Amino acid sequence: MSRKGTLFVITGPSGAGKGTVLKKVIQSLDRLYFSVSATTRAPREGELDGVHYHFLTHEQFERLIAEERLLEYAQYAKNYYGTPLDPALQHLEMGEDVILEIELQGALQVKKRLPQSVPVFIAPPSFAELENRLRGRGTETEEVILQRLSIARKECAAMDQFRYVVVNDQADTAADELRSIILAHRCLTENRGFTLE
Ligand code: 5GP
């Protein structure tokens with residue numbers, strides 16, 4: 001089997017529940033590598049360096065940009081976020097599927113750079129529900145919440161540029177849908193790497 005993995009790019013506004021849905025999918029599928037992003041944002045309570053993010057200074061992040069070691073990067077709510085290039089490529093080479101959970105600008109960069117990647121948009125059921133979820137988290141200040149809501153409206157306007165849309169009303173149903181998308185791609189003839197003898 002010389003099959004290469006597929007790159008799944010999951011995007012959607014902050015508060016759509018991307019993290020919850022992805023956790024369920026990652027726990028239930030093998031051969032799936034979740035890319036750990038780099039960011040200049042400060043860690044939230046309970047977040048670990050190297051697990052949730054690689055937490056970097058602005059200088060460290062800008063060095064990664066200069067050395068072209070990021071697959072994509074973007075500025076979001078005054079911080080940098082980016083996908084380390086090497087680990088993603090290595091896992092794809094090993095035949096594992098790779099999942100990126102990134103915001104819109106980065107997702108559009110990946111779409112251009114790797115057109116064979118599979119873009120998936122995770123949408124909230126409504127803006128009212130999105131606001132409830134962002135406030136319910138209790139992790140952000142009012143200023144940050146308003147900033148994220150304004151970005152969310154712009155992100156949702158770009159939804160039709162994505163091949164798949166999963167509406168996260170119930171996390172279990174949304175996880176089933178995302179899992180189905182991944183499994184269907186594994187079944188594509190060109191991804192099987194299989195011949196009958
Ligand atoms: P948060 O601060 O809530 O962890 O993330 C803020 C936004 O940045 C989310 O929409 C998240 O998907 C996005 N994000 C996380 N990692 C990356 C990355 O590597 N690249 C880009 N472009 N966005 C990212």
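For the stretch 10-93, the fraction of C-alpha pairs farther apart than 15 angstrom is 64 percent. With a Förster radius of 22 Å applied to the C-beta separation of GLU129 and LEU85, the computed FRET efficiency comes to 0.05.
Measuring from centroid to centroid over Cα atoms, what is the spacing of the stretch 138-186 and the stretch 76-131 in Å? A separation of 11 Å, based on Cα centres.
Dividing the C-alpha radius of gyration of the stretch 62-104 by 2.2 N^0.38 Å, with N its residue count, gives 1.26. Under a 5 Å amide H cut-off, with hydrogens placed 1.01 Å from N, TYR53 pairs with LEU48 among residues at least 5 apart or on other chains. For the chain, the equivalent ellipsoid built from the Cα gyration tensor has semi-axes of 27, 21, 15 Å, listed from largest to smallest. Can you list the residues, at least 5 places off or on another chain, whose amide H is less than 5 Å from the amide H of GLU96, using H built in the peptide plane? Amide H to amide H, under 5 Å and 5 or more residues apart or across chains, GLU96 pairs with GLY5. Using just the Cα positions, wrap the stretch 94-167 in a convex hull and report its mean projected area in square nanometres, one decimal place. Averaged projected area of the stretch 94-167's Cα convex hull equals 6.1 nm².
Under 16 Å from a label point set 7 Å out along the Cα-to-Cβ vector of LYS154, the amide N atoms of the stretch 58-97 belong to 73-81. Please compute the length gained on full extension between GLU62 and ASP176, using 0.36 nm multiplied by the number of residues separating them and subtracting their Cα-Cα distance. Computed gain between GLU62 and ASP176 is 37.3 nm.
Applying 1/(1 + (r/R0)^6) with r as the Cβ-Cβ distance of VAL144 and ARG3 and R0 = 41 angstrom yields a FRET efficiency of 0.45. For LYS78, the lysines whose Cα comes closer than 25 Å to its Cα, not counting residues fewer than 8 places off in the same chain, are LYS18, LYS111, LYS112, LYS154.
Just so you know, all these numbers are worked out from the coordinates, no wet-lab data involved. Just so it is clear, the model here is predicted, and its values are computed rather than measured. Cβ: placed from backbone, ideal geometry, glycine included. Neighbour counts: every protein chain shown.
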